[in-house]
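Notes follow the structure.
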Amino acid sequence: MDETGYLLPRNLHFIGIGGVGMSGLALIAHEQGYVVSGSDIIENEAIARLKARGVKVFLGHRLEQVWGAEAVIVSSAIPEENEELKEAKRLNLPIILRGDMLASLVNDKKGIVVAGTHGKTTTTSMISLLFEIAGLDPTVSVGGELEDIGGNAKAGKGGFFIAEADESDGSFLKLNPFCAVVTNIEDDHLSFYGDMEKEKEAFVRFLHQIKEGGFGVVCQDHPTVRSILPYLSSLEIVTYGREGGDIRGRIKEKKKNGFLFQVDWKGKKLADFELRVPGLHNVNNALASIAVGLKVGIGINHLKEAISSFRGVKRRFEKIGRVKGALVIDDYAHHPTEMLTVWQTALDYAEGSLVVIFQPHRYTRTKQLYREMARVLEKFHQVFILPVYSAGEKPIPGISAELIYREMRKNGFEKVQLVESPEEAAQECLKILKPEDLVVTMGAGDVWKVGLILCSPNGGK
């Protein structure tokens, strides 16, 4: 039995196993000796990877697929009317939420848990690579595809479990990490928390759940994170940032694909580091990783090797290819702050126009932030907007991608167009592309397909 109180049975069935979080947990459970099965609506890379490892995955949901399971794992995206979930309840099987499952695995080890509105996936991936290079063989669950571990998860034999937290539904409060990292705190989940004060309180609670002898790593550059520091005085906290902190990064040279930066530890030079991925925000992600590494005793040479060998995460300013000479980039950004970061990074690559195909994420987020999304999109030269990716949310009357479109037109921005599918987006994009342009596909959902269509052998035609 672990610290969450769960005694996990041997036979586990995952409903919605193809999701990034669910597939990672399923793989870890499988590698730890559990008998794992699962189901999902469509096949994807995560499912293909699970099948290749010997996990039984069903396409489609049918009640008989839970027969033989001793517990069912579900995410918050699974509706109550799902027939497998209903059958599991009829059979009185334990229903374990994804967040509880993660907690059951993390809390049993020395958890290194990364939370924050932005930068979680990249920071978690950097820390994972660092621990791999240092020979610590961690267990890893990350919300993106990391080539260095062959996907989004692995079950290691070492004592550390490195995981990306989910603060969207408060489930990160079930975790008791050895190290808690907070990258930033923004108003991204107010539909759950109600207001920013309650969201800040949740992060304070998360940090206070650090195990005895553990520590926190927080970004001093971010104003909201700074505002909670007085509530952390009883904890061992390491601060980091480019502007200040216990660990500070000073840019010495900006390169097209990265940075050379000096790292100071409490005012004294530690070493120079080379980061080979673009975007100033990634320097901060690297600083968080370095802070964690130093605190657990990883040497400077391993730290430098990990940062210099990191090549990014899938769907984080990922170069897809070229079409008509124009470079195509894909990014998961869907919050205005993330979107602005992508635009700023893209400026270093674009010689002509910046063209963006954007897909909003969730009706609740679109309702709350459509004006801010519009302002960022107006910085691009040409904008195509796909329908909202619901992520399992029920539609909200009057809330759609058209809200962003109308806001942009109201502000006088004319080069914006609504499109209904990745195929239509690719076709319309091709009409206006020039060789010196930069194309960015941005958002959650299936907007990434636009880049694949554009960069296909027939050039999207």
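For a Förster distance of 45 Å, can you work out the FRET efficiency between the beta-carbons of Ile432 and Arg10, rounded to the nearest 0.05?
Once the sixth-power term is evaluated, E becomes 0.20.
Under the definition of Cα pairs under 8 Å and six or more residues apart, what whole-number percent is the relative contact order of the chain?
11 percent
If you take all C-alpha pairs in region 94-168, what percent of them are over 21 Å apart?
20 percent
Output wanted: per-residue J couplings in Hz (rounded whole) for region 438-455, from phi through Karplus 6.51 cos²θ - 1.76 cosθ + 1.60, θ = phi - 60°, x for Gly and Pro.
10, 9, 10, 9, 9, x, 8, x, 10, 4, 4, 5, 4, x, 5, 5, 4, 8
Evaluate region 358-398: find the radius of gyration of its Cα atoms, find its Kirkwood radius, and give the ratio Rg to Rh.
Result: Rg/Rh = 0.99.
What does the charge count around Gly267 come to, taking other residues whose C-beta lies under 13 Å from its C-beta (Lys +1, Arg +1, Asp -1, Glu -1)?
Local charge sum for Gly267: +3.
In whole Å, what are the extents of region 107-309 along the principal axes defined by its C-alpha atoms, from largest to smallest?
42, 37, 31
Starting from the Cα gyration tensor of region 40-109, take the square roots of the eigenvalues, sort them a ≥ b ≥ c, and report rounded, prolate or oblate (rounded when a/c is under 1.5, otherwise prolate if a/b is larger than b/c, else oblate).
It is oblate, given that a/c is not under 1.5 and a/b is not larger than b/c.
Just add up the charged neighbours of Leu27: K/R +1, D/E -1, any other residue whose Cβ is under 12 Å from the Cβ of Leu27.
My count for the surroundings of Leu27 gives +3.
What per residue convex hull volume, in Å³, do the alpha-carbon atoms of region 286-395 yield?
Output value, Cα hull per residue: 149 Å³.
Just order 77-83, 306-312 by mean Cβ neighbour count inside 10 Å, highest at the front, would you? Can you show the working numbers first?
On the way: 77-83: 13.6, 306-312: 19.9.
Highest mean packing first, the order is 306-312, 77-83.
HN-Hα J couplings of region 425-434 from phi, Karplus 6.51/-1.76/1.60, θ = phi - 60°, integer Hz, Gly and Pro as x?
These are the phi-based 3J(HN,Hα) values: 4, 5, 4, 5, 4, 4, 5, 10, 5, 10 Hz.
Could you check the simple spin-label distance between Lys252 and Glu414, using points 7 Å along Cα→Cβ, in nm with one decimal?
5.0 nm
Hey, what did region 107-309 get for relative contact order, percent, Cα under 8 Å, at least 6 apart? Write out the running numbers ahead of the final one.
On the way: 425 pairs, mean separation 39.6, N = 203.
Relative contact order here is 20 percent.
Hull surface divided by four, with the convex hull built on the Cα atoms of region 184-271: how many nm²?
Reported value for the Cα convex hull: 7.5 nm².
How far, in nm, would the chain grow between Asp348 and Leu235 when pulled straight, counting 0.36 nm per residue and subtracting the alpha carbon separation?
Stretched fully, the Asp348-Leu235 segment lengthens by 36.7 nm.
Per residue, what volume in Å³ does the Cα convex hull of the chain take up?
145 Å³
Could you tell me which of the pairs Lys255/Lys295; Lys269/Lys295; Lys51/Lys110 are separated by over 20 angstrom between their Cα atoms in the structure shown?
Table pairs above 20 Å Cα-Cα are Lys255/Lys295; Lys51/Lys110.
Sequence gap at least 6, Cα distance under 8 Å: using those rules, report the relative contact order of region 74-164 to the nearest whole percent.
Answer for region 74-164 is 28 percent.
Along the principal axes of its C-alpha atoms, what lengths does region 318-454 span, in descending order and rounded to whole Å?
Result, largest extent first: 41, 28, 24 Å.
Over the alpha carbons of region 5-55, what is the largest minus smallest coordinate on each principal axis, giving the biggest first in Å?
32, 18, 14
Could I have the simple spin-label model distance between Asp137 and Leu280, label points 7 Å from Cα toward Cβ, reported in nm to one decimal?
4.2 nm
Which loop-located GluC sites (Glu not before Pro) does region 238-337 contain, where loop means any DSSP state but H, G, I, E or B and the Cβ has at most 15 other Cβ atoms within 10 Å?
Listed in order of number, the matching sites are Glu243.
Quick one: which residues, 5+ away or cross-chain, put their amide H under 5 Å from the amide H of Phe384? H built at 1.01 Å from N.
The list, which skips near neighbours in sequence, is Val356, Ile357, Phe358, Gln417.
Can you give the local net charge around Tyr363? Use residues other than it whose beta-carbon is closer than 11 angstrom to its beta-carbon, Lys and Arg +1, Asp and Glu -1. Don't jump to the answer; show the numbers that get you there.
Details: positive: Arg362, Arg365, Lys367, Lys394; negative: Glu393.
Every neighbour counted, the sum reads +3.
Where a ≥ b ≥ c are the square roots of the eigenvalues of the C-alpha gyration tensor, would you call region 276-345 rounded, which needs a/c under 1.5, or, failing that, prolate if a/b is larger than b/c, or oblate?
Prolate, since a/c reaches 1.5 and a/b exceeds b/c.
Would you mind checking which residues have amide H under 5 Å from Phe58's amide H? H placed 1.01 Å from N; only 5 or more apart, or other chain.
Counting only residues 5 or more places away or on other chains, the set is Gly38, Ser39, Asp40.
Based solely on its DSSP helices, what 222 nm [θ] is calculated for the chain when runs of n ≥ 4 H residues each add -39,500 (n - 2.57) and the sum is averaged over all residues, nearest 500 deg cm²/dmol? Kindly include the intermediate steps, with their values, before the conclusion.
Working: 15 runs with 153 residues, N = 461.
Helix contribution divided over all residues of the chain: -10000 deg cm²/dmol.
In region 203-295, what trypsin sites (Lys or Arg not before Pro) fall in a loop by DSSP, with at most 11 other Cβ atoms inside 10 Å?
In loop regions of region 203-295 (DSSP not H, G, I, E or B), the sparsely surrounded trypsin sites (Lys or Arg not before Pro) are Lys256, Lys266.
Taking 60 Å as R0, compute the FRET efficiency from the Cβ-Cβ separation of Asp264 and Lys367 and round it to 0.05.
Working: r = 43 Å, r/R0 = 0.72.
The computed FRET efficiency comes out at 0.90.
Can you compute the label reach from Gln32? Point 7 Å from Cα along the Cβ direction, backbone N cut-off under 19 Å, restricted to region 54-96.
In region 54-96, the label zone of Gln32 (backbone N under 19 Å from the point 7 Å along Cα→Cβ) covers 54-56, 69-76, 94-96.
Gly321's amide H: which non-local residues (gap 5+, or another chain) put their own amide H closer than 5 Å, with H modeled 1.01 Å from N in plane and none for Pro or chain starts?
Correct list: Val328.
Every read-out reported here was derived from the displayed coordinates using simple, explicitly stated rules and does not represent laboratory data. Bear in mind that the values here come from a model prediction, so they are computed numbers and not experimental data. As a convention, Cβ positions derive from the backbone with ideal geometry for all residues, glycine included, and neighbour counts pool all protein chains shown.
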